[in-house]
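So the structure is just underneath, and the comments pick up after that.
The values are calculated or read from the model by the stated rules, or taken from the named source; none is laboratory data. The structure displayed is predicted, hence computed values, not measured ones. Neighbour counts are summed over all protein chains in view; Cβ atoms, including those assigned to glycine, are modelled from backbone coordinates with ideal geometry. The accessibility values were calculated without ligands, DNA or RNA, using every heavy atom of the protein model including side chains. Shrake-Rupley method; radii C 1.70, N 1.55, O 1.52, S 1.80 Å.
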Amino acid sequence: MRTYLVTGGAGFIGSNYIHYMFRKYDNEIKIINVDCLTYAGNLENLKEVENRDNYEFCKVDICDSEAINRIFQENEIDRVVHFAAESHVDRSIKNPDVFIKTNVLGTLVMLNAAKAAWELPDGTYKPDKKFLHVSTDEVYGSLEEEGTFFYETTPIDPHSPYSASKASSDMLVKSYIDTYHFPANITNCSNNYGPYQFPEKLIPLIINNALQGKKLPVYGDGKNVRDWLYVEDHAKAIDMVQEKGRIGQRYNIGGHNEKQNIEIINIILETLQDMLPEGDPRKELVSKDLITYVEDRKGHDRRYAIAPDKIRKEIGWYPETMFKEGIRKTIAWFFEHEDWMKNVTSGDYQKYYEEMYK
Ligand code: NAD
Ligand code: DAU
């Protein structure tokens with residue numbers, strides 16, 4: 001049985017990936033989820049899998065090299081899928097330090113531990129060991145011209161402390177590939193949306209606010225463009241890269257689904273109106289009048305757009321969920337998980353929200 005070490009598995013994409021993997025492989029794999037449970041990590045995301053014999057949770061900080069090394073010594077790890085990171089751009093603008101610590105130093109700890117566990121005395125590696133570093137399209141910077149795209153060969157040009165920390169971690173992984181022939185891949189994915197996304201990010205924040213008749217904050221002119229991908233398509237891509245990708249390669253992941261932020265907000269409002277049943281009091285609250293233009297994000301990247309040609313040609317991956325379908329599935333999930341939203345928005349979230357949007 002193949003053993004996966006997943007870091008950050010209690011977060012948004014990590015938990016969706018774990019669900020995807022158990023749906024696909026069931027008892028053929030074991031997953032060890034290493035997560036220190038920051039504000040973004042939530043074990044409620046994993047309730048359905050927590051009692052499985054082939055699932056284990058370790059509350060460990062990836063910067064704790066002793067604890068990480070111990071996990072590698074006590075288990076024969078075959079695959080590492082490294083999600084754990086500080087992931088929110090706005091938080092990185094206010095407090096960059098923790099982004100460097102977790103995203104850069106934490107990645108170094110993971111690389112060193114995997115290398116120590118997998119390397120043979122002659123400098124080669126035990127067979128069939130693979131490390132996948134989950135990264136972002138934000139490392140490429142901002143596309144100002146229509147019709148241009150991020151390719152794997154696009155120069156790295158990060159602007160926020162978040163993207164700079166992710167670019168640094170990408171470079172570290174690349175250096176291990178180039179220097180030690182370390183068996184790794186890097187994936188750079190566009191904006192994800194779907195179940196379990198923390199409501200500091202645009203889509204869940206707008207859904208949550210609109211349902212409560214709260215203002216919908218739009219940064220700047222609302223015309224910044226992001227390339228949206230349903231999270232399950234990302235989970236599938238990660239699995240396919242580990243199975244079929246060429247070792248040492250970088251793969252871009254994205255769905256050719258560019259939309260301005262204001263378009264996204266309008267689609268959400270229209271979909272909410274369409275999905276809420278007649279007589280539901282929230283139907284009265286959901287309105288375009290809630291849209292409120294606020295101060296722009298500092299250093300706000302204008303446009304992201306991924307060219308997913310390489311992953312499609314080499315691996316056969318393509319996005320399966322159209323945005324119209326994905327957003328309905330996402331909203332339906334939030335309707336069915338009101339308690340999840342209530343729980344994550346209690347406590348610290350309120351403080352963050354007041355401070356961020358004051
Ligand atoms: P998230 O913030 O929802 O989850 C991050 C998880 O990492 C949380 O469970 C948190 O507790 C854990 N974590 C943070 N610091 C840790 C530490 N020091 N030790 C152990 N665990 C720690 O993030 P996400 O949106 O799921 O993103 C996951 C990964 O995917 C990140 O590496 C991010 O850069 C990348 N990514 C995200 C997107 C996106 O749209 N969300 C797109 C492309 C790439
Ligand atoms: O592109 C991939 C990246 O996507 C990931 O690497 C990051 O981890 C993830 O957080 C996401 O970054 P963004 O900054 O693009 O996502 P966010 O949801 O924060 O913002 C999306 C866009 O919406 C962005 O242009 C800023 C804008 N925005 C965001 C918020 C939270 C608003 O206009 N209002 C808001 O309140």
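A compact table of results
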| item | result |
| --- | --- |
| Tilt relative to the chain, helix 12-25 - C-alpha long axis, 0 to 90 degrees, to 10 | 60 |
| Selection from VAL109, LEU211, MET171 lying farthest towards where the dipole of region 105-235 points positive, charges on Cβ | LEU211 |
| Total formal charge among the other residues, if their Cβ is under 11 angstrom from that of GLY245, Lys/Arg +1 and Asp/Glu -1 | +2 |
| Loop-located trypsin sites (Lys or Arg not before Pro) in region 267-328, at most 15 other Cβ atoms within 10 Å (DSSP) | ARG297, LYS298, ARG302 |
| Rounded to 10°, Cα long-axis angle of helix 323-336 versus longest principal axis of the chain | 80 |
| DSSP beta bridge pairing in the chain, given as percent antiparallel to the nearest 5 | 10 |
| Distance in nm between pseudo-label sites at VAL294 and ASP221 (7 Å out along the Cβ direction from Cα) | 2.1 |
| Solvent-accessible surface (1.4 angstrom probe) belonging to MET110, in square angstrom, nearest 10 | 0 |
| Cα gyration tensor, region 1-130 - rounded (a/c under 1.5), prolate or oblate | oblate |
| For region 47-96: rounded, prolate or oblate by the Cα gyration tensor [a/c cutoff 1.5] | oblate |
| Gained length - ASP339 relative to GLU44, 0.36 nm times residue gap less alpha-carbon distance | 105.2 nm |
| Helix axis angle, 161-180 relative to the chain longest principal axis, alpha carbon, degrees | 20 |
| Anisotropy class of region 273-335 from Cα gyration tensor, a/c 1.5 cut | oblate |
| Residue-count net charge about VAL139 - beta-carbon cut-off 9 Å; Lys, Arg +1, Asp, Glu -1 | -3 |
| Convex hull (Cα only) mean projected area of region 202-268, reported in nm² to one decimal | 5.8 |
| Total formal charge among the other residues, if their Cβ is under 12 angstrom from that of THR292, Lys/Arg +1 and Asp/Glu -1 | +1 |
| Efficiency of FRET between ASN266 and GLN73 - r from beta-carbon atoms, R0 51 angstrom, step 0.05 | 0.45 |
| Gyration tensor (Cα) of region 73-167, equivalent ellipsoid semi-axes in angstrom | 30, 18, 10 |
| Added length on full extension, which subtracts the Cα-Cα distance from 0.36 nm per residue, MET171 to ARG282 | 35.3 nm |
| The chain: proportion of alpha-carbon pairs further apart than 27 angstrom, % | 46 |
| Normalised contact order of the chain, rounded percent, pairs of Cα under 8 Å and 6 or more residues apart | 17 |
| For region 227-323, alpha-carbon Rg over 2.2 N^0.38 Å | 1.45 |
| FRET efficiency, 1/(1 + (r/R0)^6) with R0 45 Å, evaluated for GLU28 and GLN212 via beta carbons | 0.55 |
| Charge dipole (debye, nearest 20) of region 215-283; +1 at Cβ of Lys and Arg, -1 at Cβ of Asp and Glu | 340 |
